[in-house]
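Read-outs: derived from the displayed coordinates by stated rules, not from any lab. Not measured: the values here are computed from a predicted model. As a convention, Cβ positions derive from the backbone with ideal geometry for all residues, glycine included, and neighbour counts pool all protein chains shown.
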Amino acid sequence: MILKEKENINIDNLLLEISFYKKSAKIDLVKKAYEFSKKAHSGQKRISGDDYVIHPLSVAFILAGMNLDEETIVAGLLHDVIEDCEVQEKEIEQVFGSVISRLVRGVTKLGEIDFSVYSDDLQKTSESIRARNIESLRKFFLAMAEDIRVVLIKLADRYHNLSTLGALDLDKRRRIAKESLEIFTPLADRLGIGKLKSEMEDLAFKYYLPEEYKKVVQSTKKAFKEREEYLLQMKESLERIFKDESIEADIEGRAKHYYSIYKKLQKKDGDIEKIYDLFAIRIIVSDIANCYKSLGIIHSKFKPLIYRIKDYIAVPKPNGYQSLHTTVFGLGGKITEVQIRTKKMHEEAEKGVAAHWFYDEFKQEKGYSEHKSSFAPKDKIHWIEELLEWQEAADSSEEFMEGLKIDIFKDRIFVFSPKGDVFDLPEGATSVDFAYAVHSQIGDQLVGAKINSKMKPISIPLENRDIVEVLTKKNSPGPKQDWLKFVVTRKAKNRICSFLNRK
Ligand code: MN
């Protein structure tokens with residue numbers, strides 16, 4: 001669990017935790033913020049009956065868990081004081097400076113956005129509310145592109161609220177849970193904060209789909225129990241093997257989270273036997289060379305299933321995730337997924353690549369956004385900037401919303417160019433979407449496509465890890481009206497429309 005036991009949630013432990021990952025942290029500032037927040041919230045209670053300050057303090061712990069800088073943690077401690085305590089932004093600026101007050105204001109503004117327009121049937125909402133909410137959503141992404149830390153605070157806030165959701169009435173619980181699954185967990189995923197994402201999903205899943213949640217818990221109970229014993233044996237056997245080979249490795253078993261089992265079950269006709277990665281063995285070694293060496297050793301002892309070896313070290317997932325994955329016939333022929341990674345990769349997968357953006361030495365490095373107030377590496381927030389670009393171009397609010405749903409919140413696949421470049425596309429994307437993602441001219445000149453070296457119709461949806469080769473002709477007739485029926489990305493749609501209009 002990301003959250004500490006209640007009795008351990010206090011300011012001294014928070015300061016201790018920060019000092020573990022940042023020796024030079026401004027501890028006094030964090031302490032001052034805690035006192036400020038405690039005073040401002042004094043007399044206020046959470047619905048659970050706890051003193052209110054336990055909430056901002058928990059949020060600060062979650063942020064510290066992501067190894068964020070003290071400005072973010074201070075803003076986390078203060079995130080509710082403008083909204084709930086009538087503290088003026090000016091006062092925060094005087095006491096804590098302009099960066100922190102800007103962060104707090106940012107989180108407060110995000111709190112004003114009603115996302116229900118996204119979730120609910122657009123037709124049911126009145127025109128004016130709809131327009132206002134869509135405008136808020138635009139602001140949300142604008143805030144995100146400006147300073148990603150605002151969104152990280154919001155995610156931590158949402159995580160803690162979800163963990164105390166039991167105290168609210170049913171309707172409210174369901175609404176918050178739904179919104180979390182539709183907006184916040186996909187965001188956490190795109191930001192590569194794996195642990196927060198999957199724990200948040202399970203928290204929300206329980207309240208949003210209580211029946212389905214129970215079913216998944218029930219149906220995995222037996223499998224989990226059987227596997228526990230097996231994983232222990234497998235772990236011991238691997239530990240012996242690694243000792244013989246003199247490779248130092250941390251080996252642990254890991255169970256898949258309920259919500260991702262639920263989503264996978266829907267794709268596998270509800271058959272739990274078909275989920276091979278219900279459990280995985282995770283091997284953590286010192287460096288990349290040892291990752292590949294470990295893979296070789298494992299394959300020499302346990303036969304791998306072909307086609308299930310994935311090298312996310314050479315080709316990281318778009319959100320930065322790195323590991324080697326393989327699936328082998330383990331002890332007694334049991335099919336077992338094995339994940340191999342370095343310690344650093346492990347930390348990043350759990351805490352989010354956000355963690356190391358904030359170390360000063362990283363900020364100095366080249367390639368980081370020159371945007372004055374942006375605190376993220378350029379390639380990591382590239383998609384946010386792209387989003388803002390076309391939101392400006394979008395004709396109407398509806399168009400913007402539609403694009404959002406597909407480009408941001410849909411599950412992503414990633415595919416390769418024949419040269420091995422990775423492209424991150426929404427599920428359902430076709431060769432045409434791919435072509436336009438590469439370059440608009442390539443889209444305009446497309447005459448056919450090879451998927452995994454075979455000619456395929458350009459209208460069929462691509463699968464994860466397909467290699468797509470676009471065939472182009474300089475004097476091709478150009479995109480056809482028909483294409484609009486199957487392309488899914490905003491970019492492809494826009495380019496095709498503008499080409500047709502030009503004609
Ligand atoms: Mn809050």
For the range 242-314, alpha-carbon Rg and Dmax in angstrom = 14.8, 43
ask   = Contour minus end-to-end for Ala255 and Ser237, with contour as 0.36 nm per residue of separation and end-to-end as the Cα-Cα distance?
value = 4.6 nm
request  = Using only alpha carbon positions, build the gyration tensor of the range 142-258, then give the equivalent ellipsoid semi-axes as the square roots of 5 times its eigenvalues, largest first, whole angstrom.
outcome  = 34, 22, 9
task = Sort the range 1-68 into rounded, prolate or oblate with this rule: let a ≥ b ≥ c be the square roots of the eigenvalues of the Cα gyration tensor; rounded if a/c is under 1.5, and if a/c is not under 1.5, prolate when a/b is larger than b/c, oblate otherwise.
result = oblate
query = Could the peptides 319-332, 32-45, 426-439 be put in order, highest first, of the mean number of other beta-carbon atoms found within 10 Å of their residues?
reply = 426-439, 319-332, 32-45
message = Taking every pair of distinct Cα atoms and averaging 1/r, then inverting, what Kirkwood hydrodynamic radius in Å comes out for the range 34-110?
response = 12.4 Å
request  = Can you tell me how much longer the chain between Cys497 and Leu305 gets when fully stretched, taken as 0.36 nm per residue apart minus their C-alpha distance, in nm with one decimal?
outcome  = 64.7 nm
Largest-first principal axis extents of the Cα set of the range 172-316 (Å) = 56, 34, 25
key: Simple spin-label estimate for Lys268 and Ala167 in nanometres, 7 Å along Cα-Cβ   = 3.8 nm
